[in-house]
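Taken together, the values in this text are just the output of simple stated rules run on the coordinates, not laboratory data. Here the structure is a predicted model, which means the values were calculated and not measured. Cβ placement follows ideal geometry from the backbone for every residue including glycine, while neighbour counts extend to all protein chains displayed.
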Number of protein chains: 2
Amino acid sequence: MSAFDRATAVRRRASTSTYDVDLDGGWSIGGRPNGGYLLAVIARAATDAAQREHPLAVSGHFLRPPVGGPAEVRTEVVKAGRTVATVRATLWQDERACLDVLVTAGQLPDADADHVGTPMPAMPAPDECRSRGDTPFRVELLDHVDVRLDPATVPTPDNAGAPVVRGWMALGDGSVADALALLLAVDVAPPTVFRLGLVGWAPTVELSALLRAVPAPGWLAFEAEASLVAGGWFDENATVWDSSGRVVAQARQLALVGRP
Amino acid sequence: MSAFDRATAVRRRASTSTYDVDLDGGWSIGGRPNGGYLLAVIARAATDAAQREHPLAVSGHFLRPPVGGPAEVRTEVVKAGRTVATVRATLWQDERACLDVLVTAGQLPDADADHVGTPMPAMPAPDECRSRGDTPFRVELLDHVDVRLDPATVPTPDNAGAPVVRGWMALGDGSVADALALLLAVDVAPPTVFRLGLVGWAPTVELSALLRAVPAPGWLAFEAEASLVAGGWFDENATVWDSSGRVVAQARQLALVGRP
């Protein structure tokens, strides 16, 4: 069992649609569990509730940041169809809803692609990239997830530029990233607006992800980019490719520009 | 009152959080109300329930296609915060849930942008574009919405190519498209996979949209593009710009490739 499997484990309460979970504070950024990690926990409960193999579309609206420790995921299967099932899943902690999610679950295709339109960007190999840990922020998550940033896009003060961050991700214990781990990958880049000098805690308000294939073993590549930063809001569009070069996940989030 | 306002009107039942609506079959494609139109109806109810001015993030998971006629939107304000409120809103018809939606609502910014990263693509002016109606499909929606397609991307059999469709949208009665009408704009392109020869009814399974600004009066420009078509599934990423060239909406949907 990988550290990721342990940290995202869910236990269904007998005769209910509620799952007990232990949020692992080690998968946090600045003391708050990472959004992608939380979505993975919730999607695991939702796919179990729906008795489907994979989440296909995951839409999370962030209400309040939870902390590490016990929590629960309350699920409701809204529709169980032939191809997909849709589940509403809400993360609760201390009787407060923290994250409300809709999950459409089913079976990821393993067919050859009919069309591939977004090639993996050219960037240096993982060993030639910078660890995300080389930043002024304490990122507990990096004890468990190996994140390497393309030096050209590292969001440090001496590297201002367009709000794009590219890099690689792997699980820190060497286990293979599965479909659920793609939810980590779509939210693992530092906020792209750091490259505009807008550095600070940048809370995610909404994140919607599509998972497209079970990734091939090896490093995952990611690219995150903001299209519009205005009035304190920014979007971040993330694409993830597996080691075969195939798009395996896509996501867009709405977030607030942080205050230093 | 514009035809769009009338077609998306909602009436709150006294002392409840349920809204009665009349789905207008005129805003359909092949007899099924358009997904963007349905999201506009539901988002109108959700923003009213939350007492906020605009939807900011709208995540719709499509369960069953409704038909034109009476329906209801059941809402639940999940959290009302200082900056935003989050609402779950579900469209019901004949005691069946048709579309489950999470809406985060608040106030769209009207500030100047700090960063604009996705310029409007170059394309011919609306008068030099082709009406979407010039296709073999009966699209009732086009009686109410004026959709012009860049001739280079019209999805006709003699124009196969990459799955990209660009064009312009305006409300048919000449009224100004407001923020809610952006939900129409993100879903108004014909399926991009038509350009790959994959022509047929292509149902949306999930569509998540971000609204970014109240659009300036005038034509809205849109571009939709699929990144990956595999195993019968495709994504479609849509960007909408207003007449000032500003990005005003972004969306991604997951859909099934249609069968002829």
Checklist entry - Within segment B:94-118, which residues are surrounded by fewer than 22 Cβ atoms within 10 Å (Cβ to Cβ), under 24 Å from residue B:34 (Cα atoms) and within 8 Å of chain A (Cβ to nearest Cβ)? => result B:97
Checklist entry - Taking segment B:214-237 on its own, how many of its residues are buried (at least 24 other Cβ atoms within 10 Å of the Cβ) and not in a strand (DSSP E or B)? => result 2
Item to check | Single residue of A:68, A:81, A:60 found to be under 18 Å from residue A:208 (Cα atoms) and either within 9 Å of chain B (Cβ to nearest Cβ) or in contact with a helix residue (DSSP H, G or I) (Cβ under 8 Å, 6 or more places away or on another chain) (or both) | outcome: A:60
Item to check | Looking only at segment B:238-260, and only at residues there that are more than 23 Å from residue B:123 (Cα to Cα) and not in a strand (DSSP E or B), the one that is farthest from the other protein chains (Cβ to nearest Cβ) | outcome: B:260
Checklist entry - Restricting segment A:125-163 to residues that are over 11 Å from residue A:195 (Cα atoms) and among the β-branched types (Val, Ile, Thr), which is farthest from the chain's Cα centre (by Cα)? => result A:135
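Can you spot a residue in segment B:53-69 that is of a type in the set (Gly, Ala, Ser), on the phi < 0 side of the Ramachandran plot, surrounded by fewer than 23 Cβ atoms within 10 Å (Cβ to Cβ) and not in a helix (DSSP H, G or I)? I'd like the intermediate steps shown before the answer.
Taking segment B:53-69 as the starting set, the residues that turn out to be of a type in the set (Gly, Ala, Ser) are B:57, B:59-60, B:68-69.
Among the residues that remain, those that are also on the phi < 0 side of the Ramachandran plot are: B:57, B:59-60, B:68.
Right, trim to surrounded by fewer than 23 Cβ atoms within 10 Å (Cβ to Cβ) and you get B:68.
If we keep only those that are not in a helix (DSSP H, G or I) as well, we get B:68.
Scanning segment B:53-69 turns up at least one residue that is of a type in the set (Gly, Ala, Ser), on the phi < 0 side of the Ramachandran plot, surrounded by fewer than 23 Cβ atoms within 10 Å (Cβ to Cβ) and not in a helix (DSSP H, G or I).
Restricting to segment A:39-53, count the residues that are within 12 Å of residue A:85 (Cα to Cα) and among the hydrophobic types (A, V, I, L, M, F, W, C). I'd like the intermediate steps shown before the answer.
Within segment A:39-53, the first condition is being within 12 Å of residue A:85 (Cα to Cα), and the residues that meet it are A:46-53.
Remaining after also requiring among the hydrophobic types (A, V, I, L, M, F, W, C): A:46, A:49-50.
Of the residues in that region, 3 qualify.
Inside segment B:152-165, can you point out the residues that are buried (at least 24 other Cβ atoms within 10 Å of the Cβ) and part of a strand (DSSP E or B)? Break it down into steps so the answer makes sense when it comes.
Step one: list which residues in segment B:152-165 are buried (at least 24 other Cβ atoms within 10 Å of the Cβ), which gives B:153, B:155, B:163, B:165.
Within segment B:152-165, B:165 is the sole residue that qualifies.
Residue check: is residue A:91 assigned to a strand (DSSP E or B) and crowded, with 21+ Cβ neighbours inside 10 Å?
Details: assigned to a strand (DSSP E or B): yes; crowded, with 21+ Cβ neighbours inside 10 Å: yes.
Taking the combined requirement at face value, the residue satisfies it.
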Item to check | Residue in segment A:106-137 that is nearest to residue A:241 (Cα to Cα), counting only those that are part of a strand (DSSP E or B) and either free of Cβ contacts under 8 Å to residues at least 60 places away in the same chain or in contact with a Phe, Trp or Tyr (Cβ under 7 Å, 6 or more places away or on another chain) (or both) | outcome: A:115
Checklist outcome for this item: Matching residues in segment A:1-31 (free of Cβ contacts under 8 Å to residues at least 40 places away in the same chain and either touching a helix residue (DSSP H, G or I) at 6+ places or on another chain (Cβ under 7 Å) or buried (at least 17 other Cβ atoms within 10 Å of the Cβ) (or both)) number 1
